[in-house]
1. Scan TYR16, TYR8 and give me the residue that is surrounded by 13 or more Cβ atoms within 10 Å (Cβ to Cβ) and part of a helix (DSSP H, G or I).
2. What residue, among those in the range 24-34 that are part of a helix (DSSP H, G or I) and under 22 Å from THR239 (Cα atoms), is nearest to the chain's Cα centre (by Cα)?
3. Sort out which residues of the range 190-243 are at positive phi and of a type in the set (Phe, Trp, Tyr), and write them in order of number.
4. Within the range 58-65, does at least one residue satisfy the condition of being out of contact with any Phe, Trp or Tyr (no Cβ under 9 Å at 6 or more places or on another chain) and modelled with pLDDT of 85 or more?
5. Name the single residue, out of those in the range 122-163 being outside any helix (DSSP H, G or I) and of a type in the set (Asp, Glu), that is nearest to LYS58 (Cα to Cα).
6. Restricting to the range 211-243, name every residue that is at pLDDT 85 or above, open to solvent by less than 60 Å² (accessible area, probe 1.4 Å) and more than 18 Å from LYS128 (Cβ to Cβ).
7. Which residues, taken from the range 150-169, are in contact with a His (Cβ under 8 Å, 6 or more places away or on another chain) and surrounded by fewer than 17 Cβ atoms within 10 Å (Cβ to Cβ)?
8. Kindly indicate which of LEU91, LEU116 is assigned to a helix (DSSP H, G or I) and in contact (Cβ under 8 Å) with a residue 24 or more places away in the chain.
Amino acid sequence: ERNIVKAYRKLGLNRYELVELFKPYYLENTPSPITVYRITRKYPLNDKEKLIIKRYEKKYPGELGHIDSYYLPKPTLVDLGQKRYGFLAGLIDDCTRITYVEYLTNIQVETVAFFLLRALSWFRRVYKIEFEKIMSDNGVEFTTRSKNKGVHLVEKLLSDIGIKHIYTRPYHPQTNGKIEAFWKILHREFLLPNRFTTEKELIKNLGAFLLWYNHQRRHGGLKYITPHAKLTEVLKTVTELLN
């Protein structure tokens with residue numbers, strides 16, 4: 001109870017989030033959501049604590065991911081002329097801002113679905129992050145207007161692996177603001193200053209940029225620490241709560 005209340009007060013998580021937070025540590029002994037709810041009701045937040053929680057964003061890695069596609073500016077690949085310019089697809093963790101991006105020659109549904117599989121595998125393998133929800137816009141590469149979502153490969157993929165798919169409000173990119181902010185950073189700090197003569201050169205330099213972004217670039221939205229430092233900080237908090 002003490003650990004649950006400490007996490008509740010410090011992170012402002014709801015009962016389901018608290019269950020997911022402690023499940024890797026307590027395993028089969030993890031309390032049910034209704035038990036966690038009863039524990040938190042025994043020790044309610046005061047007004048000051050409630051105010052702090054309202055300012056928080058997502059509290060732990062994997063709680064929500066943002067996925068989006070991005071058209072490369074025309075001059076980025078100088079040797080392709082008018083043939084094609086390519087796309088970028090990205091997945092970002094809301095809590096830590098750790099980001100994975102790939103260069104794609106198209107954003108057809110199958111291409112995006114395989115990108116998503118690689119992105120999820122990368123997050124799990126490199127940072128031990130597994131997503132509960134992923135947010136996208138309503139683009140045809142991510143969803144369908146059909147009532148039967150299962151006919152869309154990305155929708156089916158997310159459903160099959162147990163990730164909830166949520167959507168931005170139409171014509172309201174602010175809902176997916178973290179990935180939109182990342183594209184602005186990428187454009188300003190990577191694409192504008194550089195020109196690439198081959199796709200291979202672009203991909204190599206994109207990987208170097210992502211390593212720098214995730215591990216060295218201080219992020220204003222994270223109180224000027226790096227995304228990797230944010231991940232370390234959150235994991236340290238969880239460890240302290242359990243000790």
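The values are calculated or read from the model by the stated rules, or taken from the named source; none is laboratory data. Note that the structure is predicted; figures quoted are calculated from it, not measured. Glycine also receives a Cβ, built like all others from the backbone with ideal geometry; neighbour counts cover every protein chain displayed. Ligands, DNA and RNA are excluded from the accessible area calculation, which covers all protein heavy atoms including side chains. Shrake-Rupley method; radii C 1.70, N 1.55, O 1.52, S 1.80 Å.
1. Result of the check over TYR16, TYR8: TYR8.
2. From the range 24-34, those part of a helix (DSSP H, G or I) are 24-29, 33-34; that's our starting set.
Within this subset, residues satisfying the condition of being under 22 Å from THR239 (Cα atoms) are 24-29, 33.
Working: PRO24: 20, TYR25: 23, TYR26: 25, LEU27: 25, GLU28: 28, ASN29: 29, PRO33: 24 Å.
By that ranking, first place goes to PRO24.
3. Going residue by residue through the range 190-243, those that are at positive phi are 223-224.
TYR224 - this is the single residue of the range 190-243 that is at positive phi and of a type in the set (Phe, Trp, Tyr).
4. Initially, the range 58-65 is screened for residues out of contact with any Phe, Trp or Tyr (no Cβ under 9 Å at 6 or more places or on another chain), giving 58-60.
Okay, now just the ones that are also modelled with pLDDT of 85 or more, so 60.
Looking through the range 58-65, at least one residue is out of contact with any Phe, Trp or Tyr (no Cβ under 9 Å at 6 or more places or on another chain) and modelled with pLDDT of 85 or more.
5. The initial filter retains those residues of the range 122-163 that are outside any helix (DSSP H, G or I), namely 128-148, 152, 161-163.
Then keep just the ones that are of a type in the set (Asp, Glu); that gives 130, 132, 137, 141.
Values: GLU130: 14, GLU132: 12, ASP137: 19, GLU141: 25 Å.
This residue is GLU132.
6. Looking only at the range 211-243, we keep the residues that are at pLDDT 85 or above, and these are 211-219, 222, 224-236.
Okay, now just the ones that are also open to solvent by less than 60 Å² (accessible area, probe 1.4 Å), so 213-214, 217, 219, 222, 225-227, 229-231, 234.
Scanning the range 211-243 gives TYR213, ARG217, HIS219, LEU222, ILE225.
7. SER159
8. On the way: LEU91 fails: assigned to a helix (DSSP H, G or I).
So the residue among LEU91, LEU116 that is assigned to a helix (DSSP H, G or I) and in contact (Cβ under 8 Å) with a residue 24 or more places away in the chain is LEU116.
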